[in-house]
Amino acid sequence: MIMPGNARGEGTRKRHTAFALVLALMNSVGSALAGEYTFDASEFARKPYELGGYVEYRHDRFWLNKNGAFYGLAFQGRGEPSSLTRNAATLKLEGNYRHGAASVRARTHLEYDHEDGSSERVTRFDELAGSWKPGPDLTVELGKIALKWGKGYAWNPIAFVERLKDPNDPELAREGFWMATADWVRTFDGPLKTIAFTPVLLPTGKDVNSEFGRTGHTNVAARLYLLWHDTDIDFVYLSGGSRPSRVGVDFSRNITTSLEVHGEWARVSDAQRRTITAEGQPRVVHGKADSYLLGMRYLTAKDTTFIAEYYRNGAGYTESEMEDFFVFTGNALLQQHTTPADELVRRANVAAQSGYARAQPMQRYFYLRVSQKDPFDFLYWTPAVTSIVNLADRSFSISPEIAYTGFTNVELRLRLFALGGGDRTDFGEKLNKRRVELRARLYF
Amino acid sequence: MKTLLAIALFLASGAFAADGTEILRKVDRNLEPESYEMYRKLVNIEPDGSRKEFVLFSAKKGRDKVAALFLSPASDKGRATLRLGDNMWLHIPSVGKPVRITSLQSVTGGVFNNADILRLDYSEEYNVQSVQEEKDAFLLALKAKTGEVAYDQLKMWVDRKTLLPSKIEAYAASGMLIKTLYFSDVKDFGGGIKRPATVETDSPLYKGYKSVMLYSQVKRRDFKDEVFTLTNVSRIDDLRK
């Protein structure tokens, strides 16, 4: 084909342009591939302040245990719902500011709950503390601080200065207490590699730490940590005051590249247990209470993680004490709406709040969690199943779940809870018998 | 005569093993100073090309103390890991206390495990069993000193000129290949530190998956021993300047 000069020139230019475009495209693809693995850390330079956190939405659906003792106590005179729905939005905002050896940090907890017609707002600081750290061997802190003592995953008998952990969500951030504390640490060569000492002063008053125990006391606690022969060991102590005095010890050690074992033991000098007889007579049982926990984590070659723990709660209720409570509560609820029976129900409610309604109120429990990372090459999916068994009455909870972390900064988790057990058993008398929980978190 | 020959052979083999040990020691020092700080980006690449990236600040002192702090993504920010010899811990801010982890787990997912991310000197964990001389490289056969080490055996190809590794194959005690590490992009970080800025890895156990570790701002720096303790694992960010 013969083309006029200009047209040929135009065609050549077009071809050149097209070629140049292809080259540029290839170049840009090449650059992108070359640049695929570039990294300049300057964008991560440290700033004097930082802000982060997450926003969470949670949906819970409860199928209630209408035959359970705690159902009767909770819904007496409030209709007889067979299920409940709860939606909750939470904002955890964290920030810190540093200036030389001093720093201030805060973690807020803002929550809005809506549950079948009623709503609740929670606004608090989980932590708000100032720190002074002249060097790595000494840190002094003052403020609202969430200390975490103990090696157990689901339970911590030696957690003397913290709020109760939820074994169904042990990794959830918890609210701290107002305190003054410090960390002093020294390292050595030889079998004893590290010693660290943590003293704690925790005052209680009408407006300060009133949830900790009796008010008007300045509680003294301390922890001595050793890394000795590749084993973590803690000795802990809490003076009497707001709570009975107590001592404890824990350990944790890697036995092999895939097996860790841990344990805790605590003795409370004068533990009190408020019980109620089957006839409704309240009693207070005093005495020493020894609690302990033994546990392990094991990782298989196929990335299956097993966490197993045996927990003995020395301050927990015996099987007969628990049964007495259920007998009394059952009788009280059968006779409700009569004047003396209302008094009986009130008495049962007081007993429930004084200990029987705790998540795990009895003495011997077994915890097992099995999780599988990326099963069948489904990357970022983690299915797991968790079970808590009451070894005394063989009642149990079992909760399969699936978590997905494939979207950057997003965590999704779906969990089901099923509770099993007969009449007058721990899990058999709980408020709900089934539950579905959906949780979505966005980190920023 | 036979005895003399045997002694000569024994001494020769001893000298050869000593050379291998010396090469391995030099590889360690060429990769990093004994005490340093650095930033790394870890990229996990899936078979479909999608990625997940992590940025870590790391500090190391001596032969067996390493700490690392996650700076990105936001969901992992503040997580910190500590290694003292065979002991490893992970601190998750919401959990609030360090928990023991094992070398075969991976805090980032992907092909790199904790032993790769919190790596000690090779000469700290391995003995040189043999050295083969190839055209451009020494091939070192390494054997773990104890059962606590993540990989039982390594085959390490070391560039003869730079005494830097170009490839490492990691094997289980059964002889199964667990993963291969490829070192590339030798870069001058200043202060006499010239080392590969990119380490890629793949594994027959994770077919189609790949992980990449990119290095930046590798600097010689000394730290107090107390930095590398459980008490301070939540405060590693204080080390960053």
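The values are calculated or read from the model by the stated rules, or taken from the named source; none is laboratory data. Nothing here was measured: the structure is a model prediction, and the numbers come from that model. Please note: Cβ atoms are built from the backbone with ideal geometry, for glycine as well, and neighbour counts cover all protein chains shown.
Miscellaneous remarks
- Count of residues meeting criterion [among the aliphatic types (A, V, I, L, M) and at pLDDT 95 or above] in the range B:148-162: 3
- You will find that of B:ALA80, B:ALA68, the residue that is in contact with a His (Cβ under 7 Å, 6 or more places away or on another chain), more than 7 Å from chain A (Cβ to nearest Cβ) and closer than 24 Å to A:THR194 by Cβ is B:ALA80 and no other.
- The residues of the range A:242-270 that are within 12 Å of chain B (Cβ to nearest Cβ) and assigned to a loop (DSSP other than H, G, I, E, B), listed by number, are A:THR257, A:SER258.
- Candidates B:VAL218, B:VAL227, filtered to the one that is buried (at least 19 other Cβ atoms within 10 Å of the Cβ), within 11 Å of chain A (Cβ to nearest Cβ), touching a residue at least 12 places away in the same chain (Cβ under 8 Å) and closer than 23 Å to B:VAL158 by Cα: B:VAL218
- Spans of strands (runs of 3 or more DSSP E) in the range B:143-210 with at least 2 residues more than 24 Å from B:GLU22 (Cβ to Cβ), among the β-branched types (Val, Ile, Thr) and without any contact (Cβ under 8 Å) to a residue 40 or more places away in the chain: B:177-190
- Whichever residue in the range A:409-444 is touching a Ser or Thr at 6+ places or on another chain (Cβ under 9 Å) and farther than 21 Å from A:ARG58 by Cβ and, among such residues, is surrounded by the fewest Cβ atoms within 10 Å (Cβ to Cβ): A:GLY422
- Evaluated against (1) surrounded by fewer than 22 Cβ atoms within 10 Å (Cβ to Cβ); (2) in contact (Cβ under 8 Å) with a residue 12 or more places away in the chain; (3) within 11 Å of another protein chain (Cβ to nearest Cβ), A:THR187 falls short on exactly one condition, (2).
- Filter result for the condition that a residue is touching a residue at least 40 places away in the same chain (Cβ under 8 Å) and farther than 30 Å from B:LYS145 by Cβ, over A:THR275, A:THR300, A:THR304: A:THR275
- Test for A:LYS66: is it in a loop (DSSP other than H, G, I, E, B) and either over 30 Å from A:PHE325 (Cα atoms) or within 12 Å of another protein chain (Cβ to nearest Cβ) (or both): no
- On the stretch given as the range A:268-286, residues that are surrounded by 13 or more Cβ atoms within 10 Å (Cβ to Cβ) and either under 18 Å from A:MET362 (Cβ atoms) or of a type in the set (D, E, K, R) (or both) total 11.
- Selection within the range A:400-430 - over 21 Å from the mean Cα position of the chain (by Cα) and in contact (Cβ under 8 Å) with a residue 12 or more places away in the chain: A:GLY406, A:GLY420, A:GLY421, A:GLY422, A:ASP423, A:ARG424, A:THR425, A:ASP426, A:GLY428, A:GLU429
- Filtering the range B:107-130 to residues that are more than 16 Å from B:GLU32 (Cα to Cα), crowded, with 18+ Cβ neighbours inside 10 Å and more than 14 Å from chain A (Cβ to nearest Cβ) leaves B:TYR126, B:VAL128.
- The C-beta contact set for the range B:43-65 (first residue at the interface with another protein chain (Cβ under 10 Å from one of its Cβ atoms), second residue among the basic types (Lys, Arg) and assigned to a loop (DSSP other than H, G, I, E, B), distance under 6 angstrom, 6+ apart or interchain) comprises B:PHE57/B:ARG240.
- With a requirement of 1 or more residues that are closer than 27 Å to A:LEU294 by Cα and either of a type in the set (S, T, N, Q) or away from chain B (no Cβ under 14 Å) (or both), the strands (runs of 3 or more DSSP E) lying completely within the range A:364-444 that satisfy it span A:364-372, A:381-390, A:396-404, A:410-420.
- Scanning the range A:149-171 for residues that are within 12 Å of chain B (Cβ to nearest Cβ) and either surrounded by 16 or more Cβ atoms within 10 Å (Cβ to Cβ) or assigned to a strand (DSSP E or B) (or both) turns up A:TRP149, A:GLY150, A:LYS151, A:GLY152, A:TYR153, A:ASN156, A:ILE158, A:ALA159, A:GLU162, A:LYS165, A:PRO170.
- Scanning the range B:181-215 for residues that are facing chain A (nearest Cβ under 9 Å), out of contact with any Asp or Glu (no Cβ under 6 Å at 6 or more places or on another chain) and among the hydrophobic types (A, V, I, L, M, F, W, C) yields B:LEU205, B:LEU214.
- Taken together, A:GLU111, A:GLU43, A:GLU127 contain a single residue that is facing chain B (nearest Cβ under 10 Å), in contact with an Asp or Glu (Cβ under 9 Å, 6 or more places away or on another chain) and under 22 Å from B:GLY78 (Cβ atoms), which is A:GLU127.
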